[in-house]
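Structure record follows, encoded as structure tokens.
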Amino acid sequence: RAVRLPARANEDFVGNLLPFPPHGFRPGTPRTVVRFDGRTADLDPETLVDVELGGRLTVDEHLHLDLAAYHGTYRDLTQGNLSGRVALLRQREPVLIAFVEPVNAARGSANGAELTVNWTLRADVRVTGGLAVSGFSLGPDLGAVDVSSPSRLPGHTGFLRSEWDVAKGWELDAVTYYADSVPGFGIPSWFRTDLHVGRLAENGTRLELVAQNLLARKHVEFGPELIGPPAAEQI
């Protein structure tokens, strides 16, 4: 069981999220701005009750399998709800303010499984691979004012790593990662490969050469938790 207490950003933050529509409904109609106002919030802690089960299978001295599965139930998750309060700002162009307030309105569940395979081909060569399948459902989903929607997590992730002791004191390692697309942030699926060469001298000095992101110079990998429209971060 895990508990998350409300943060200052949940209860003290005030800020405009987005205009709707950008240029008003028609000439002379006030433009509407959605404003998040946490000052009226009286939030309870968010809670998670998680059940996990795992096992390890030794096929032989060279092959080991690890399997884990989990189910989590979330309660009292914080969401932004339209409060029904509005205000009209009279300036050069009138603006209608629609207030959004944080409330403990959401519940969710998380399910997933992870498989890891460890294979020792020879004493100097090892291969490790893993695949994870996960799903997250949330209700109700409030779209743009919802900071945690089901489509903001990759459904499948995986990796493949090889480790080779080329010679005494020399090692060559490579790893490739994969992640599904994340529609909520507009992120396509991606692969990433890293390479590592290491040298351990007899006096204990260690030299390393590491190359990252060899398949592409840059890619979008994740989106931050924020209030309002989702945004993505680039690696």
Quick one: how many residues across the stretch 28-66 are closer than 30 Å to Pro94 by Cα and exposed (fewer than 15 other Cβ atoms within 10 Å of the Cβ)?
4
Ser148 - would you say it is assigned to a strand (DSSP E or B), among the polar types (S, T, N, Q) and modelled with pLDDT under 90?
no
Read through the list (1) over 28 Å from His64 (Cα atoms); (2) within 21 Å of the chain's Cα centre (by Cα); (3) at pLDDT 90 or above, then give the number of the only condition that Thr176 fails.
(1)
Unique match (being open to solvent by 40 Å² or more (accessible area, probe 1.4 Å), modelled with pLDDT under 90 and aliphatic (A, V, I, L, M)) among Leu142, Leu138:
Leu142
For the stretch 25-83, name all the residues that are among the charged types (D, E, K, R), modelled with pLDDT under 80 and more than 28 Å from the chain's Cα centre (by Cα).
Arg26, Arg31
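In the stretch 179-235, which residues are among the polar types (S, T, N, Q) and modelled with pLDDT under 80?
Hit for the stretch 179-235 is Gln234, nothing else.
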Criterion: part of a loop (DSSP other than H, G, I, E, B), open to solvent by 40 Å² or more (accessible area, probe 1.4 Å), aliphatic (A, V, I, L, M) and touching a strand residue (DSSP E or B) at 6+ places or on another chain (Cβ under 9 Å) - qualifying residue of Leu215, Leu172, Leu209:
Leu215
Specify which of the listed residues (Ala106, Ala87) is assigned to a strand (DSSP E or B), closer than 20 Å to Gly139 by Cα and modelled with pLDDT under 85.
Ala106
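The values are calculated or read from the model by the stated rules, or taken from the named source; none is laboratory data. For clarity, every value in this text was computed on a predicted model and none was experimentally measured. Virtual Cβ from ideal backbone geometry, glycine too; neighbours counted across all protein chains shown. Surface accessibility is based on the protein's heavy atoms, side chains included, excluding ligands, DNA and RNA. Shrake-Rupley method; radii C 1.70, N 1.55, O 1.52, S 1.80 Å.
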